[in-house]
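The values are calculated or read from the model by the stated rules, or taken from the named source; none is laboratory data. Just so it is clear, the model here is predicted, and its values are computed rather than measured. No Cβ is skipped: glycine too gets one built from the backbone with ideal geometry, and neighbour counts run over all protein chains shown.
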Amino acid sequence: MAENISQRYELRLRAHPRILADVRRAVGARLRLWGRDELISAAGMCVTELLSNVHKHAASPECVLTLENLPHGIQAAVSDTESALPVVKEPDFLSESGRGMFLLSKTAHAWGTDLTPTGKTVWFTLRAEAVEP
């Protein structure tokens, strides 16, 4: 009998550096459940960056992390109440910050932002490697 595992995972949280390790563990557990082990490291880094941006730039730390298992990979999104969109800058590697969205843009296969009635959603997709039969 096949298990009915949800292909969508949602986590409501308050973005703060103290919770990032726990969120990465939750993301890793969900991706393992979906058989997406090869995406855990990249997904953890990208989700950490999006949540760090909420903590640093949004008026409220309240946000929602959503993961979706897709036929060829995953999509993750963080929705918050801030309407200002993230900016990808060429990083100054001597600076303490400013590299996150650059790294996300180089790691994810696609990413983007959507304005919502209550703020914005920043999303990214990661493709799984094709498995040869």
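Points to keep in mind about this one:
- Exactly one residue out of R99, R18 is among the basic types (K, R) and under 17 Å from V122 (Cα atoms): that is R99.
- Residue satisfying all of: in segment 1-50; among the basic types (K, R) and under 14 Å from the mean Cα position of the chain (by Cα); farthest from E129 (Cα to Cα) among these: R12
- Residue pairs whose Cβ atoms lie under 8 Å apart, sitting 6 or more positions apart in sequence or on different chains, and linking a residue in segment 20-33 that is without any contact (Cβ under 8 Å) to a residue 12 or more places away in the chain to a partner that is among the β-branched types (V, I, T), are R32/I40.
- Segment 51-92 - residue that is acidic (D, E) and surrounded by fewer than 13 Cβ atoms within 10 Å (Cβ to Cβ) and, of those, farthest from the chain's Cα centre (by Cα): D92
- Residue tally, condition within 14 Å of V122 (Cα to Cα) and either surrounded by fewer than 19 Cβ atoms within 10 Å (Cβ to Cβ) or among the small types (G, A, S) (or both), over segment 28-47: 1
- Enumeration of residues in segment 22-50 that are farther than 16 Å from E68 by Cβ and either in contact with a Leu (Cβ under 6 Å, 6 or more places away or on another chain) or of a type in the set (K, R) (or both): R24, R25, T48, E49
- Those residues of segment 93-133 which are of a type in the set (A, V, I, L, M, F, W, C), surrounded by 16 or more Cβ atoms within 10 Å (Cβ to Cβ) and at pLDDT 90 or above, in sequence order: L104, A108, W111, V122, W123, F124, L126, A128
- Odd one out for P61 among (1) in contact with a His (Cβ under 8 Å, 6 or more places away or on another chain); (2) at pLDDT below 95; (3) of a type outside the set (A, V, I, L, M, F, W, C): (2)
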